[in-house]
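Below is one structure, written out as structure tokens; comments come after it.
The values are calculated or read from the model by the stated rules, or taken from the named source; none is laboratory data. Since the model is a prediction, treat every value here as computed from it, not as a measurement. Note that we place each Cβ from the backbone using ideal geometry, even for glycine, and neighbour counts take in every protein chain shown. Protein only, heavy atoms only, side chains kept; ligands, DNA and RNA dropped before computing areas. Shrake-Rupley method; radii C 1.70, N 1.55, O 1.52, S 1.80 Å.
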Amino acid sequence: CGVLLAVSQAPPARGATIAAHVRSPAGAAIADAVIYALPAASLPLPKPTLKIPIEQIDREFVPYVSAVQTGTTMVFPNRDPIRHHVYSFSRAKTFEIKLYSGNAPSEILFDQPGVVTLGCNIHDWMIAYVQVVDTPYFAKTDAQGGAQLVNVPPGKYELKVWHPTQKGGGEAQAVVVGQAGVAASFVLDVAPRKRRYKPPLDKMHY
């Protein structure tokens, strides 16, 4: 599906691009890593305006990894012919949306930074992650390990990387953004994603 742009929730602004790449210690591309740039100085940051969806499709959360700015409202549409019960016990956001189909009966405001792990109370193999960050300048790496943070105003930033299965590496980097933009690379040790057993669909049981 390509890169999730950092400014997808913010109005267009003039700025530069941070082109980032994430690879493993062996040189393999790392997908689904979140790159985000925290301003070193206080800046007037755009506020999130769009509602961001995480769908339930074929009894899985889609996407598996999301990144949003603190203050974003998220929605959880159920595209399956059965019901789901979405929840999180994470410190950054604890909530539950009890059994439903179609559009979720409630929206969830992600108002604290941190990692939010999602699950389904009915289908225990379903899992997804949301990285909530205090900046509108973020992106998620594609299958080639690349990501672009666009429309970043000139200035000094701390560039960070996160992945749900990371084991090590990925130290933060200080970058200075000018009109021409900058490039950055990270080496991140991640564990392979382990998909849990998913039984055949039974429409009579949720």
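Laid out as a table, the results:
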read-out: Computed accessible area, Tyr129, all protein chains, 1.4 angstrom probe, square angstrom; value: 40
read-out: Estimated FRET transfer efficiency (Lys98, Tyr64; beta-carbon r; R0 22 Å; 0.05); value: 0.45
read-out: Sequence-distant residues sharing a close amide H with Gln112 (under 5 Å, placed H); value: Gly71
read-out: Accessible surface, per residue, of region 102-206 when the full set of protein chains is kept, probe 1.4 Å, Å²; value: 53
read-out: Pairwise label distance in nanometres, Ala180 with Glu158, each label 7 Å out on the Cα-Cβ vector; value: 2.8
read-out: Over the chain, relative contact order from alpha-carbon pairs under 8 Å, at least 6 apart, %; value: 33
read-out: 5 angstrom amide H check on Ala40, placed H, neighbours 5+ away; value: Lys156, Tyr157, Glu158
read-out: Alpha-carbon Rg with Dmax, taken over the chain, Å; value: 17.7, 58
read-out: Portion, in percent, of the accessible area of the chain that falls on carbon or sulfur, probe 1.4 Å; value: 53
read-out: Computed label-point distance, nm, for sites Arg196 and Leu43 using a 7 Å Cα→Cβ extension; value: 3.9
read-out: Rounded to the nearest 20 debye, dipole of the chain from Cβ charges on Lys, Arg, Asp, Glu; value: 140
read-out: Under Karplus coefficients 6.51, -1.76 and 1.60, residue-wise ³J(HN,Hα) of region 73-79 in Hz, glycine/proline x; value: 8, 10, 10, 10, x, 9, 9
